[in-house]
Each structure stands twice: as structure tokens, then as C-alpha cells.
Amino acid sequence: MSVPDDSSLQALSAQLGERLRAARHMLVTAESCTGGWIAKAVTDVPGSSDWFDCGLAAYSYEAKQALLGVRPETLERHGAVSRETVLEMVSGALVHSGASLSVAVTGIAGPGGGTTDKPVGTVWIAWKRRGGYAKAEIHHFDGDRDAVRRQTVEAALRGLGGLLD
């Protein structure tokens with residue numbers, strides 16, 4: 001996968017925004033490893049207030065629990081970078097917002113923090129529609145910290161488009 005540049009992320013965000021506006025959906029983001037980059041990408045689009053509710057950057061365990069309702073047991077048992085945690089994040093984002101669609105990301109952008117089981121570039125992304133089931137995917141992105149984060153933003157935005165198909 002190639003690393004997206006700013007203009008491709010902006011174009012993807014604008015296309016997504018048009019579709020969200022047409023479908024009358026509001027979006028919430030729950031971000032760990034991207035630190036709010038998905039929210040930045042969508043709010044760079046003029047008129048995004050029509051379809052973007054809020055973004056929650058929850059980096060620490062404590063923030064994930066307080067802002068998104070991630071259970072301490074989930075973090076203790078599975079860690080922050082896990083399917084279980086991202087599913088609780090994506091659901092919690094909907095509970096704590098007025099949005100109808102959510103995306104959540106958690107991962108290891110590097111350069112440190114990786115392990116044998118979860119190397120640098122491991123990212124979990126989840127999407128959910130209010131009242132629906134959550135979908136989660138694991139990704140293994142290559143590159144430095146910036147590259148991993150850019151690829152995460154792109155995959156998160158593309159997955160949101162998939163919810164609208």
C-alpha cells in the first residue's frame with residue numbers, strides 16, 4: 001500500500017463528506033494512535049459541520065475508559081491494541097455523542113512500542129452504525145510513524161465509505 005499524501009486524504013474526506021451529508025449521517029471519531037488526525041482530515045473539508053459531530057482523542061488507558069467507556073478488564077486482558085478494545089471504543093464513541101456513524105483506531109505507530117505479537121505498524125480499526133453491528137479489521141502498515149498514521153487515516157475513511165454502500 002502506498003502512503004497517502006495530504007491532497008489524497010483531503011479528496012477522500014471531501015468525497016466521504018458528500019456521501020454523509022446526502023445520507024444525513026453525523027460522524028464521530030475515536031482515535032488513539034492517530035491522535036485526532038482523522039478528525040483533522042474531515043474538518044479540513046469546508047462545510048464539515050453538516051456531517052461531523054466530534055472527535056475523541058483517547059491515548060491513555062484512563063482516557064479510553066473515561067471518554068469511551070472501555071472497560072479496565074478489557075485493557076488489562078487484551079491491551080489497548082486489540083480487537084476487543086477497538087470494538088469498545090467504536091461503540092463508546094456513539095454512546096458519548098450524537099453521531100450516527102463512528103470510527104475508532106488504536107495501534108502502534110512506532111518507532112518504539114512494538115512486540116513480537118504486535119509489531120510496529122499493527123493497527124485495529126472499527127466502524128459502527130448506530131443500532132448496528134461493529135466491524136473491526138487488523139492492519140499491518142509499513143513505514144515510519146508518519147506513514148503508519150497516514151495509512152491508518154486512509155483506511156479508516158475508506159471503511160466509513162463502506163458503511164454507506
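We did not get these values from a lab; they are worked out from the coordinates using the rules stated. Here the structure is a predicted model, which is why all the values come from computation and not from measurement. Here the Cβ positions follow ideal geometry from the backbone for every residue, glycine too, while neighbour counts run over all protein chains shown.
Worth a mention:
- Rough spin-label spacing in nm, given labels placed 7 Å along Cα→Cβ, for V95 and E76: 1.8
- Model label points for Y59 and L164, set 7 angstrom from Cα along the Cα-to-Cβ axis, are 3.0 nm apart.
- Among the trypsin sites (Lys or Arg not before Pro) within segment 20-100, those in coil by DSSP and having at most 15 neighbouring Cβ atoms inside 10 Å are R24.
- Note on E137 and D44: the model spin-label points, each 7 Å out from Cα along the C-beta direction, lie 2.1 nm apart.
- Chymotrypsin sites (Phe, Trp or Tyr not before Pro) restricted to DSSP loop in segment 35-98 with at most 16 other C-beta within 10 Å: Y59
- Environment charge of Y61, counting only residues whose C-beta is closer than 13 Å and scoring Lys/Arg +1, Asp/Glu -1: -1
- Screening the chain for whole DSSP H helices of 15 Å or more along their axis (Cα) with average Kyte-Doolittle hydropathy at least -1.0 returns 6-23, 83-95, 145-163.
- Chymotrypsin sites (Phe, Trp or Tyr not before Pro) within segment 75-165: DSSP coil, no more than 14 neighbouring Cβ in 10 Å: Y133
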